[in-house]
Amino acid sequence: MDYSYQDALAFYGIGGAHPGGLTLTKQILKNEKLNEATKILDAGCGTGQTSAFLAKTYKCDVTAVDSHPIMIQKAKERFNYSNLEVKVIESSVESLPFKDESFDYIISESVVTFTNIKKTLPEYFRVLKNNGILISTDMTAEKSFKEEDLLKIKEVYSISNVLTEEQWLTAFQTAGFRKANVILMDTLYSHLLKETDHPEFKMSSYINPKLTEILFKHQQITNSFSKKIGYRTFKSIK
Ligand SMILES: C[S@@+](CC[C@H](N)C(=O)[O-])C[C@H]1O[C@@H](n2cnc3c(N)ncnc32)[C@H](O)[C@@H]1O
């Protein structure tokens, strides 16, 4: 069986699988107006760390979506264990099972990078209410890559490209968002120098060695291209 980077994250049960982890999420969310009336979609929720935080801290009406069945299972276990009412749906973000204008907010942390952007961003736009807000943290190219390096990155993450900040901003606008801004930015290099959260692990009972190899390759990429790969958190308004 061929395993992907997403499978490795799922079997290891890595929570907060985005740069900065929950610390970065909290930093971003504290500037937003969130309360019991807020309908928020955690798109590509992984093991549900951010959804749980939103439900506990802000009492939001949270829906968590992920396409990976193991992530969905681990997210459900987290919500059941903490007795949190989060709706959990297994679905691709490229085709969301919601009516138009269903959500006030979408949070999407390290997800769009791994999907078909041309399908995902219009879906986010569709299911947001007018004036709804998308907060999306995504991988960026800080400098150009040698062709063979870019190929390696694409292969390890099964992605079609690494966009620059400008290309991301254009993609949000093309999807229809009337405003798109960068609210946080960093390179992996300066990010690694900061002491941020260590990721959470909720490991499956059996881990195929191929999955460990994929995480090892991910670590190699992080180390080798830490000044060329970065991330941005974008805030886009419908
Ligand atoms: C890097 S992880 C981030 C998970 C979570 N947002 C977090 O920060 O911990 C990417 C997540 O996106 C999910 N994902 C990838 N492609 C997806 C798609 N097309 N639809 C829904 N989820 C997807 C993966 O299963 C994985 O849980």
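The values are calculated or read from the model by the stated rules, or taken from the named source; none is laboratory data. Being a predicted model, the structure only gives us computed values, none of them experimental. Cβ: placed from backbone, ideal geometry, glycine included. Neighbour counts: every protein chain shown. The area values use the complete protein model at the heavy-atom level, side chains included, leaving out ligands, DNA and RNA. Shrake-Rupley method; radii C 1.70, N 1.55, O 1.52, S 1.80 Å.
For a quick check of your reading of the filter: which trypsin sites (Lys or Arg not before Pro) in region 57-154 sit in a DSSP loop and have no more than 12 other Cβ atoms within 10 Å?
Lys99, Lys143, Lys146
Can you bin region 30-114 into rounded, prolate or oblate? Criterion: square roots of the alpha carbon gyration tensor eigenvalues sorted a ≥ b ≥ c, rounded for a/c under 1.5, prolate for a/b above b/c, oblate for the rest.
oblate
Over the Cα atoms of region 128-238, Rg to Rh with Kirkwood Rh, two decimal places?
Rg/Rh: 1.03.
Once ligands and nucleic acids are excluded and a 1.4 Å probe is used, how much of Asp100 is accessible, expressed in Å² to the nearest 10?
100 Å²
Per-residue HN-Hα couplings for region 229-238, Karplus 6.51 cos²θ - 1.76 cosθ + 1.60 at θ = phi - 60°, whole Hz, x for Gly and Pro?
Taking θ as phi minus 60°, the curve returns 9, x, 8, 10, 9, 9, 10, 10, 10, 7 Hz for region 229-238.
At a threshold of 8 angstrom on Cα-Cα distance, excluding pairs fewer than six apart, so keeping six or more, what relative contact order does the chain reach in percent?
Normalised by residue count, the contact order of the chain is 25 percent.
Hey, with R₀ at 25 Å, roughly what FRET efficiency would Ile89 and Ile159 work out to, going by the Cβ-Cβ distance, to 0.05?
E between Ile89 and Ile159, to the nearest 0.05, is 0.60.
Equivalent-ellipsoid semi-axes (√(5λ), Cα gyration tensor) for region 107-177, whole Å, largest first?
Values for region 107-177, descending: 25, 12, 10 Å.
Evaluate Rg over Rh across the chain, taking Cα atoms for both radii and Kirkwood's formula for Rh.
Result: Rg/Rh = 0.94.
If you roll a 1.4 angstrom probe over the protein chains with everything in place, what fraction of the accessible area of region 11-122 belongs to carbon and sulfur, to the nearest %?
Taking all protein chains in place, region 11-122 shows 48 percent carbon and sulfur surface.
Between Thr170 and Glu36, how high is the FRET efficiency from 1/(1 + (r/R0)^6) when r is the Cβ-Cβ distance and R₀ = 30 Å? Nearest 0.05.
Using R0 = 30 Å, I get an efficiency of 0.25.
Only sites in a loop by DSSP and with at most 11 other Cβ atoms within 10 Å count here; which GluC sites (Glu not before Pro) in region 7-101 make the cut?
Filter output for region 7-101: Glu36, Glu85.
Looking at the chain as a GNM with Cα springs under 10 Å, which of Thr57, Thr137, Thr47 has the largest mean-square fluctuation?
Of Thr57, Thr137, Thr47, the most mobile in the Gaussian network model is Thr57.
Using a probe radius of 1.4 Å on heavy atoms only, what accessible surface per residue do you get for region 1-103? Whole Å² is fine.
46 Å²
Give me, ordered by chain and number, the residues 5 or more places off Lys202 or on other chains with an amide H under 5 Å from its own placed amide H.
Under 5 Å from the amide H of Lys202: Gly13, Ile14, Gly15.
Measuring from label point to label point, each 7 Å out along Cα→Cβ, what is the Met1 to Glu101 span in nm?
4.3 nm
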